[in-house]
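Novice: Below you will find the structure I want to go over with you.
The values are calculated or read from the model by the stated rules, or taken from the named source; none is laboratory data. Nothing here was measured: the structure is a model prediction, and the numbers come from that model. Here the Cβ positions follow ideal geometry from the backbone for every residue, glycine too, while neighbour counts run over all protein chains shown.
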Amino acid sequence: MVKNIQAIRGMHDILPDQSGLWRFLEGRVIGVLDQYGYGEIRTPILEMTELFRRSIGEVTDIVEKEMYTFEDRNGDSLTLRPEGTAGCVRAGIENGLFHNQVQRVWYRGPMFRHERPQKGRYRQFYQIGAEAFGLDGPDIDLEIILLTHRFWRELGLGGLELEVNTLGTVGERADYREQLVAYLSVHRGQLDEESLRRLESNPLRILDSKNPRMREVIDGAPSLMEHLGGESRTHFDLLCAGLDAAGVSYRVNPRLVRGLDYYARTVFEWVTGRLGAQGTVCAGGRYDGLVEQLGGRSTPAVGFAMGIERLISLLAEDGRVPEEGVPHAYLVLMGDEPQRRGQLLAERFRDGLPELRLVTHCGGGSFKSQFKKADRSGARFALVLGEDELARGVVGVKPLRAGGEQREIRFEAVVDYLRTLVGQ
């Protein structure tokens, strides 16, 4: 017996009855990005491994343990992208997008990390993100956060909380790092295995530990805020003042550090308590040194990424049933001549009303069986064409989701009638 081939662990199919929510989310989000003047960029799923080693950081969990990396036939080390920012920066440098220009771009697509699969965390997962290059003031940081705030309004999602912090400049963080390592070294006995590993390589990530047994030692650690220079403080204060003026609630979380090495100054996360351990649905910040680090000219930059699966879970939990992809109407065809003419008639309806989502029945079957399929399709109306209707030049229109009697509409008036129904 041949064994069935199944999806790879941690990678999942998005089926037709699920894709409506995805289309709803993506459509609303892209609409907001258009409002703010961000243009789409599409980068390859595969990149040279060195891109992520140099951008994310050699000693991060992503590079050390989670990347899908292999050698191709030429002996080049390639990696399935674990995140989207590095590819955007590489594309910008390679194509000269940063030379005395401001760029606002957005991207979407699958990312790959070899993690332990659990709710809200997959090995192939989808993100939408945006990046702004060439602006160094807190006003663009504010725009990025206001943009994400507008997403939740457009999606009808409540209960998301904004956390913000600043990591200062590279130099300020280096000074702080020394004091943090000194403090944590005194408390080595209270650190878990993962934190001990990070102590010398990436000590700031210890502050983000979710281990409750380490809460006391983390709470007692020195604060990065105390090591900020005047410019970094002013930048952060202006950002917070902008959020206050916009009426966006937030919490300053001094332990928010993010998991990627390239962040500096502003960092933020939108979090929820509704998804268990995977509570972050959108996160980002400023990464002014990354373009230069990857070989380009010094270019300030800020951006974010958000996990689509986690947002889909929240929408589904709220009972959102968007109509994206659901047919407006299902054309029932009874008899040989209606089946032959039905496809041509359906094309006339689609030509006259391009936004119409119309399923034409194929495969024959009884009147009853066709109506069952019409109902299962989710369509709001059934269009009925039998021998008698065809002879009289009319189509029956029967509501499937609400009350009302079937009525007949002449062929030449069907498009106008459907236009009123589609707009409801």
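Novice: Report every pair of residues separated by at least 6 positions or lying on different chains whose Cβ atoms are under 8 Å apart, first residue within region 175-187 and among the β-branched types (Val, Ile, Thr), second modelled with pLDDT under 85.
Specialist: Val181/Leu199; Val181/Glu200; Val181/Pro203
Novice: When you look at Ile45, is it among the hydrophobic types (A, V, I, L, M, F, W, C) and either crowded, with 20+ Cβ neighbours inside 10 Å or under 29 Å from Arg205 (Cα atoms) (or both), yes or no?
Specialist: In short, yes.
Novice: Kindly indicate whether Gly20 is surrounded by fewer than 19 Cβ atoms within 10 Å (Cβ to Cβ) and not aromatic (Phe, Trp, Tyr).
Specialist: The answer is yes for Gly20.
Novice: Out of region 379-412, which residues are touching a strand residue (DSSP E or B) at 6+ places or on another chain (Cβ under 9 Å) and among the small types (Gly, Ala, Ser)?
Specialist: The answer is Ala379, Ala382, Gly386, Gly393, Gly396, Gly404.
Novice: Listed residues Arg108, Arg90; which is of a type in the set (D, E, K, R) and under 21 Å from Arg297 (Cα atoms)?
Specialist: Arg90
Novice: All but one of (1) assigned to a helix (DSSP H, G or I); (2) modelled with pLDDT of 95 or more; (3) surrounded by 14 or more Cβ atoms within 10 Å (Cβ to Cβ); (4) not small (Gly, Ala, Ser) hold for Arg173; state the number of the condition that does not hold.
Specialist: Status for Arg173: all satisfied but (2).
Novice: Next up: Return the total of residues in region 83-139 being in a loop (DSSP other than H, G, I, E, B) and either of a type in the set (S, T, N, Q) or within 23 Å of the chain's Cα centre (by Cα) (or both).
Specialist: Number of matching residues: 14.
Novice: One residue is enough: does region 29-45 have a residue meeting the conditions in the same structural domain as Met306 (by TED's automatic domain parsing), over 24 Å from Thr148 (Cβ atoms) and at pLDDT 95 or above?
Specialist: Looking for residues that are in the same structural domain as Met306 (by TED's automatic domain parsing), over 24 Å from Thr148 (Cβ atoms) and at pLDDT 95 or above, one finds at least one in region 29-45, hence yes.
Novice: Would you pick out the residues in region 374-393 that are more than 20 Å from Arg341 (Cα to Cα) and of a type in the set (D, E, K, R)?
Specialist: Of everything in region 374-393, those that are more than 20 Å from Arg341 (Cα to Cα) and of a type in the set (D, E, K, R) turn out to be Asp375, Arg376, Arg380.
Novice: Only one of these is more than 25 Å from Phe24 (Cβ to Cβ) and crowded, with 16+ Cβ neighbours inside 10 Å: Gly403, Gly393, Gly363, Gly335. Name it.
Specialist: Matching residue, one of Gly403, Gly393, Gly363, Gly335: Gly335.
Novice: Take region 375-424 and flag every residue that is outside any helix (DSSP H, G or I) and hydroxyl-bearing (Ser, Thr, Tyr).
Specialist: Passing the criteria: only Ser377.
Novice: Among the numbered criteria (1) buried (at least 20 other Cβ atoms within 10 Å of the Cβ); (2) in contact (Cβ under 8 Å) with a residue 40 or more places away in the chain; (3) not β-branched (Val, Ile, Thr), which one does Arg150 miss?
Specialist: The failed condition is (1).
Novice: Run down Arg255, Arg297 and say which single residue is in a loop (DSSP other than H, G, I, E, B), farther than 22 Å from Gln127 by Cβ and touching a strand residue (DSSP E or B) at 6+ places or on another chain (Cβ under 9 Å).
Specialist: Arg255
Novice: I need the full set of residues from region 339-357 which are in contact with a strand residue (DSSP E or B) (Cβ under 8 Å, 6 or more places away or on another chain), of a type in the set (Lys, Arg) and assigned to a helix (DSSP H, G or I), in order please.
Specialist: Arg341, Arg350
Novice: Can you tell me which residue within region 59-117, out of those that are among the hydroxyl-bearing types (Ser, Thr, Tyr) and without any contact (Cβ under 8 Å) to a residue 60 or more places away in the chain, is surrounded by the most Cβ atoms within 10 Å (Cβ to Cβ)?
Specialist: For region 59-117, the residue satisfying everything is Thr79.
Novice: Also: Mind checking which pairs have a first residue in region 340-362 that is assigned by TED's automatic domain parsing to the domain that holds Arg410 and closer than 11 Å to Val414 by Cα and a second that is surrounded by 12 or more Cβ atoms within 10 Å (Cβ to Cβ) and of a type in the set (Ser, Thr, Tyr), Cβ under 7 Å, 6 or more apart or different chains?
Specialist: As it stands, the answer is Ala346/Thr360, since those pairs meet every condition given.
Let's see how each residue does on (1) over 21 Å from the mean Cα position of the chain (by Cα); (2) assigned to a strand (DSSP E or B); (3) loosely packed, with under 14 Cβ neighbours inside 10 Å; (4) touching a residue at least 24 places away in the same chain (Cβ under 8 Å):
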residue: Leu199; (1), (2), (3), (4): yes, no, no, no
residue: Arg205; (1), (2), (3), (4): yes, no, no, yes
residue: Val217; (1), (2), (3), (4): yes, no, no, yes
residue: Ser232; (1), (2), (3), (4): yes, no, no, yes
residue: Asp237; (1), (2), (3), (4): yes, no, yes, no
residue: Asp244; (1), (2), (3), (4): yes, no, yes, no
residue: Ala283; (1), (2), (3), (4): no, yes, no, yes
